[in-house]
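What follows is a single structure, and I will ask about it in a moment.
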Amino acid sequence: MNEHANNPVDEPVDEPQDPLGAKLRAEFDELIKHYPEKQAVLIPALHRCQEDLGGWISPEVMEALAELLELEPVEVYGVASFYPMFHLRPVGKHVVGVCHNVSCDLRGAEDILERVCQVTGAAPGVDSADGRWTVARLECQGACTSAPMFDLDGVYHENLELDDVERILGAVESGNEPN
Amino acid sequence: MAQHETYLLDRLEHDDSHTLDRYSKTGGYRAIEKILKEGLTPEQVIDLVKRSGLRGRGGAGFPTGLKWSFMPDVAKDPRPRYIAVNADESEPGTCKDRVLMERDPHGVIEGILIAAYAMRVDTAYIYVRGEYRFAYDRLLGALAEAREQGWVGQHVLGTEFSIDIWMHKGAGAYICGEETGLMESLEGKRGHPRPKPPFPAGFGLWGQPTTVNNVETLFNVPFIIDRGPEWFAGMGSEKSKGNLLVGISGHVNTPGVFELPLGMSAKTILEEYAGGVWKGKELGAWIPGGSSTGFLPAHMIDLAMDHDSLKEAGSMLGTAAMIMLDEDACVVRAMEVMARFYDHESCGQCSQCREGTEWLHQIFGRIERGAGRLEDIELLTSLANGMAPGKTICALADAAAIPTHSIVKNFRHELEQHVEQGCCPKRRAPQLSGTTA
Ligand SMILES: Cc1cc2nc3c(=O)[nH]c(=O)nc-3n(C[C@H](O)[C@H](O)[C@H](O)COP(=O)(O)O)c2cc1C
Ligand code: SF4
Ligand code: FES
C-alpha cells in the first residue's frame, strides 16, 4: 500500500499492527526493571506472548521481542526453540499434555494417552482434523505421587482413571470448568 | 506409625497455610525478626547453619552453611551478588518442592530472606519450572503480602537490610535444574550448563557472585534459626541431619510426600507410610532418590534413607524420590523410559552425553522389544563408562550412566531373558513408542 498517495491528509494512516500490543509492552517494561540485563526478560516474555497471543509464538512476535530486548531475531528463535513449552506453530484450541515418564508409566500413562487420542481425534504431533485439539507427550511434571496425570490448557489433572478422561475433556469442550 | 518430631509440613493441617495471616500465627517470620532485632551478624547466621549440619535438598547433598561461606567477602569484592532459588523440580519421581511452594510459600520466602542476609545479597530470583503455574501464583501472592508487610523490600524492620525477590518462569527443560544451566536460562539464554570452574560463588548470574539453593533447603533455614542448630542436629542420622521430604510413587497403595527423619529405613517408609506394594504384590525393584539414582533389587529395601548409607550401597539419596516397581513390572521398560528422558533432555553440548543418551535409549528399546543381542549388555556398560563419571560439562551424563550400570549389575538376568526369549517376559501392552516433541 502506498499510503502517501492514497491517504488524504485528514484521514489516519494505517500503522502496521504491533504484534505485542500496548498491554504486553507495558508488562515487559516493568519486568525489565527486575534484571540488570534486558535479555533476562526473554523467557518470561515468550510465556506471556504465548498465553495472550493465540497459544503459540509467531515469527512476527519473535521479531518484535528481539527488537524490544535488543537481540537478533535468530537469538530469540534459538532460545524459543530450545524450550519444550513454547509452541512455534499454531496449536489446537485445547492442548493436552500427558506425562509419560516413569512414575506415570508405572500407573498406566500409555493407556491414558491412548484414551486421550481416542476422545480427541488427535495424536502426538497430529492435531485433530477440526483443529480443536493438540495432544503431546510430556516428561515428568512433578505430579509423580498422584500419577497418572495430564495437563489440560495449563491445569493439572491428577490421579487419573481411564474413565475420567472423557468427562474432563468433554467438560472443557462444552465450556464447563472441569474438576 | 513410628513417632518422630515434625516441622516441615506442620502448617499444612490448616487450609489457609499459604497465607501471611496463618504463617504469622504459627511462628512465621520469627527467625528473620530474631536475626534483625538481636543484630546477629551474617557470619553468625552462617555459623548456625553450619552447626546444624543441614545439607542441600536439591540432589547433591552439599553442606549449606559451607556453600554460603564460599561467597566472597564484600569488603574485598563489592560486586553485585545474587541468590537463585532452584524451583525447577524436574527429576523424574520428584514432587516435594511443589508441596512447599503451593502450601507454605511464606516459609520459602523467609528462608530466602535469611540466606540473603547471611550472604549480604540484595536480589534473589526464584526460578520456578514453567509448568508449576499454581506454585508460581501462590509464591507471587505470598510475595505481594510479604512486600506489603515490609518483610520484602527496602529497610526490613527499619534496618539496613534490604532485599528484592523476583519470580522467574522456566519453560520445560530439565537441564535448567542444573545450577549453571539454570543461570544461563535465567539470563534469557538456552539452558546450556557452563564448565566449572569458575564456580557460581565467584562467577554466577551475569558473571557475579551467586549462590543456587533448592527450595526445600531454604525452607529448613528459618526453623534452624528459630529453634537452634542443636535441635536440628538432634534429628536424622549421623551425617545427615534434620527431616526430609520423601516422595514415594509407582506401585504402592498410598503414594505421597512424607516428612521423615533422614536415615529411616526404606522398608518402613514403604510399609508404614505408602501402605505397602499395591494389589498385594511383592516388590520387584526400587529407586531410592529419583531416576538418576538407579535401580536397587527388592532385597535391599532395608537400606537407610540417608546420604552415606545409600552411597555405600552404590546408590544415592538424590532427591529422596522413591519409585517402587512391583514384581510384575519390567525394569528394562522402566529403564527405557528413563533413557528416552535423558536422550530428550541432553542439551547436546558434549558428544559423550548427546550420543550416549541416544544410544542408551535405542539399545534399551531394542532389548525391551526382544530385538537385542547379548553383546548389547557389554555395550551398555562401555557406553556408560564413556559418559561418566566426570567426563562431561555437567552431571546429566552421570544421571543416565548410573541407572544403566545399576540395571546391568542388579538385573543382568532380566536383560538376558529379554534377549533369549526374544520378547519382554513381562510384556505389557502397548509398546513404548513416541518421544516428546
Ligand atoms: C541434570 C541435573 C538436574 C538438576 N535438577 C535440579 C532441580 O530440578 N532442582 C534442584 O534443586 N536441583 C537440581 N539439580 C542440582 C543443582 O545443580 C544444585 O546442586 C542444587 O540446586 C543446589 O542446591 P542445594 O545445595 O540447596 O541442594 C540438578 C542437577 C543436575 C546435574
Ligand atoms: S553432560 Fe549432557 S546435558 Fe550436561 S552439558 Fe554435556 S551435553 Fe549438556
Ligand atoms: S512421572 Fe509423571 S509426573 Fe512425574
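Derivation of every value follows stated rules applied to the coordinates shown; laboratory data play no part. What you see is a predicted model, and the numbers here were worked out from it, not measured in a lab. We place every Cβ from the backbone using ideal geometry, glycine too, and count neighbours over all the protein chains shown.
Straight-line reach only, C-alpha to C-alpha below 21 angstrom: list the lysines that B:LYS34 could link to, leaving out same-chain residues fewer than 8 apart.
B:LYS25, B:LYS50
When A:ASP52, B:ASP306, B:ASP73 are ordered from fewest to most other Cβ atoms inside 10 Å of their Cβ, what list results? Walk me through the intermediate numbers first.
Numbers: A:ASP52 13, B:ASP306 23, B:ASP73 8.
Lowest to highest Cβ neighbour count: B:ASP73, A:ASP52, B:ASP306.
Output the Kirkwood hydrodynamic radius of segment B:236-343, Cα pairs only, in Å rounded to one decimal.
Details: mean 1/r = 0.0729 Å⁻¹.
After inverting the pairwise mean of 1/r, the radius is 13.7 Å.
Grab the alpha carbons of segment A:20-151, take their convex hull, and tell me the volume per residue in Å³. It would help to have the intermediate numbers written out before the result.
Values: hull volume 16.2 nm³, N = 132.
About 123 Å³ per residue, rounded to a whole number.
Still on this structure, please answer the following. Let me check the size of segment B:1-96 from its C-alpha atoms; what are the radius of gyration and Dmax in Å?
Gyration radius and largest Cα-Cα distance of segment B:1-96: 16.9, 53 Å.
Between A:VAL172 and B:TRP231, what is the label-point separation in nm under the 7 Å Cα-to-beta-carbon projection?
Reported label-point gap for B:TRP231 and A:VAL172 is 4.5 nm.
How many angstrom separate the Cα center of segment B:304-354 from the Cα center of segment A:17-44?
Result: 39 Å between the Cα centres.
Among B:HIS361, B:LEU374, B:CYS330, whose Cα lies farthest out toward the positive end of the dipole of segment B:325-406, if unit charges sit on the beta carbon of Lys, Arg (+1) and Asp, Glu (-1)?
Selected residue: B:HIS361.
If each DSSP helix of 4+ residues adds -39,500 (n - 2.57) and the sum is divided by the residues in the protein assembly as shown, what number results at 222 nm, nearest 500 deg cm²/dmol? If you can, show how the numbers build up before the last one.
Details: 24 runs with 247 residues, N = 616.
So the calculated ellipticity at 222 nm is -12000 deg cm²/dmol.
Still on this structure: How large is log10 of I(q)/I(0) for segment A:112-165 at q = 0.12, 0.17, 0.20, 0.26 Å⁻¹ when the intensity is taken from the Debye formula with one equal scatterer per alpha-carbon?
Values returned for q = 0.12, 0.17, 0.20, 0.26 Å⁻¹ are -0.26, -0.52, -0.72, -1.11.
Going by amide H atoms built from the backbone, whose H comes under 5 Å of the H on B:GLY263, apart from near neighbours?
B:MET305, B:ASP306
Right, another one. So if I average 1/r over every pair of distinct C-alpha atoms in chain B and take the inverse, what Kirkwood radius in Å does that give? All intermediate terms of the calculation are to be shown ahead of the outcome.
Details: mean 1/r = 0.0444 Å⁻¹.
That comes to 22.5 Å for chain B.
Report the percentage of all Cα-Cα pairs in segment B:12-164 whose separation exceeds 20 Å, rounded to a whole percent. It would help to have the intermediate numbers written out before the result.
Working: 6013 of 11628 pairs.
So the portion of pairs separated by more than 20 Å is 52 percent.
Hey, another quick one. Over all directions, average the projected area of the Cα convex hull of segment B:194-273 and note it in nm². Mind dumping the intermediate values first?
Values: hull surface 32.5 nm².
Its average projected convex-hull area is 8.1 nm².
What is the magnitude of the charge dipole of the protein assembly as shown about its Cα centre, with +1 placed on the Cβ of each Lys and Arg, -1 on the Cβ of each Asp and Glu, and no other charges, expressed in debye to the nearest 20?
That gives the protein assembly as shown a dipole magnitude of about 1780 debye.
Moving to a separate point now. Provide the descending list of Cα extents for the protein assembly as shown along its principal axes, expressed in whole angstroms.
83, 70, 47
Need the C-alpha centroid separation for segment A:69-101 versus segment B:1-78, integer Å.
36
Another one. Structure shown: which of B:LYS311/B:LYS391; B:LYS281/B:LYS311; B:LYS239/B:LYS311; A:LYS38/B:LYS169 lie over 22 Å apart, alpha-carbon to alpha-carbon? Don't skip to the answer; put the middle values down first.
Numbers: B:LYS311/B:LYS391 20 Å; B:LYS281/B:LYS311 28 Å; B:LYS239/B:LYS311 12 Å; A:LYS38/B:LYS169 15 Å.
Long pairs (Cα-Cα over 22 Å): B:LYS281/B:LYS311.
Taking the alpha-carbon set of segment B:312-404, what are its Rg and Dmax in Å?
Values for segment B:312-404 (Cα only, Rg and Dmax): 13.3, 38 Å.
Distance between the C-alpha centers of segment B:189-237 and segment B:264-289? Whole Å please.
31
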